[in-house]
Amino acid sequence: MAPKEIDIVAIYRALGDEVRLGMVGHIARSGDSAASCTVVSSCASLLALSQPTISHHFAKLVSSGVLIEQKQGVQKIYSLDREALTRAGVDIDKIIN
């Protein structure tokens with residue numbers, strides 16, 4: 001099976017935003033997956049951003065291939081697409097620190 005196609009430029013554009021980079025770091029520190037409500041509340045309180053703004057950033061991270069979104073009931077769980085990030089040359093350990 002061939003590996004899925006990734007858009008390296010889209011990944012770097014998504015990570016080029018300070019808020020999105022912080023969100024990815026938060027998810028990476030919490031074990032590579034996190035419920036949207038956890039990330040939204042921590043980002044909103046730290047960065048004084050509204051829930052719609054955070055949701056917009058989630059959408060950008062998902063559409064670029066940085067995050068994988070899964071629904072569990074009414075909640076969304078976001079996890080890093082480590083394969084795509086590795087293939088794009090992104091070092092997750094550097095994002096965490």
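Within the stretch 77-91, the set of residues being surrounded by fewer than 16 Cβ atoms within 10 Å (Cβ to Cβ) and under 13 Å from LEU15 (Cα atoms) comprises GLY89, ASP91.
The number of residues in the stretch 45-80 being charged (D, E, K, R) and free of Cβ contacts under 8 Å to residues at least 24 places away in the same chain comes to 2.
Assess whether ILE6 counts as being of a type in the set (Val, Ile, Thr), surrounded by 14 or more Cβ atoms within 10 Å (Cβ to Cβ) and either modelled with pLDDT of 90 or more or within 17 Å of ARG87 (Cα to Cα) (or both). The answer is yes for ILE6.
Just the residues that are touching a strand residue (DSSP E or B) at 6+ places or on another chain (Cβ under 7 Å) and among the basic types (Lys, Arg), please, taken from the stretch 45-97. The answer is LYS76, and nothing else.
Name the helices (runs of 4 or more DSSP H) wholly within the stretch 7-96 that hold at least 3 residues that are out of contact with any helix residue (DSSP H, G or I) (no Cβ under 7 Å at 6 or more places or on another chain)?
On the way: elements: 8-15, 18-29, 36-47, 51-64, 82-87, 92-96.
Because the criterion is at least 3 residues that are out of contact with any helix residue (DSSP H, G or I) (no Cβ under 7 Å at 6 or more places or on another chain), the helices (runs of 4 or more DSSP H) in the stretch 7-96 that meet it are 8-15, 36-47, 51-64, 82-87.
The values are calculated or read from the model by the stated rules, or taken from the named source; none is laboratory data. Everything numeric in this text was worked out from a predicted model, so none of it was measured. Positions of Cβ are backbone-derived with ideal geometry, glycine not excepted, and every protein chain shown enters the neighbour counts.
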